[in-house]
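Encoded as structure tokens, the structure appears first; notes follow it.
The values are calculated or read from the model by the stated rules, or taken from the named source; none is laboratory data. Quick caveat: nothing in here was measured; it's all calculated off a predicted structure. Here the Cβ positions follow ideal geometry from the backbone for every residue, glycine too, while neighbour counts run over all protein chains shown. Note: accessible area is taken over every heavy atom of the protein model, side chains too, but ligands, DNA and RNA are not part of it. Shrake-Rupley method; radii C 1.70, N 1.55, O 1.52, S 1.80 Å.
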Amino acid sequence: MTGADLITLAWLIVGLILIGGEVIIPGLVAVFLGAAAVLVAGLRYVGLIDSLVASLFVWMGASVGLTFTLRGWMKKYLPAESKRGQINEGITSIGEVVEVLVDVTERDASGRIRYQGTTWPATSTDRVIPKGARARLVARDNLAWIVEPLGELEAGDEDGEEPWA
């Protein structure tokens, strides 16, 4: 096997590894980089490219061309699994009771709540919810949660206390 054959084989192997890497790093960029590398291996195999420098230029051009022309189109037909998971997580969380860590206002997302072991930015639906109070998740706006204050009777029920005691 000659040196040129080894370089062609290396392009093919790297291309297949990049295409397979899409499983680990989703986003379709790895697929297009890998497809460009496989294209270079094919062009080298049939003799249309013979130098390493030409191979690199063809790979870069094909990578950029494939990524910018096909990525948007392909993402329409192959939606990311992670987006579906985030949407479902928001829907199943609605109604959960959370602790307010920093006063939550309706003006901006400068308030903080504790939910699922971490803190999140939050805004209120209608009034200031003070630090230490409990609130209910109503919706999600990007990373910020929209919360509503719990009524006094509900707040007592959440603590396990009888509201009339």
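A few points about this structure:
- Each peptide in 122-128, 45-51, 29-35 receives the mean, over its residues, of other Cβ atoms within 10 Å, and ordering these scores from highest gives 29-35, 122-128, 45-51.
- Accessible surface, segment 1-72, averaged per residue in Å² (probe 1.4 Å): 61
- Here r is the Cβ-Cβ distance between residue 46 and residue 92 and R0 is 45 Å; the resulting FRET efficiency, rounded to 0.05, is 0.25.
- Amide H contacts of residue 123: 145, 146, 147, each under 5 Å away and 5 or more positions distant or on a separate chain (H built 1.01 Å from N in the peptide plane; Pro and chain starts excluded).
- Across segment 118-129, coupling constants 3J(HN,Hα) worked out from phi with the 6.51/-1.76/1.60 Karplus curve, θ = phi - 60°, read 9, 9, 9, x, 8, 10, 9, 7, 8, 7, 6, 10 Hz, and Gly and Pro carry x.
- Residues residue 138 and residue 103, FRET efficiency given R0 of 22 Å [Cβ-Cβ distance, rounded to 0.05]: 0.80
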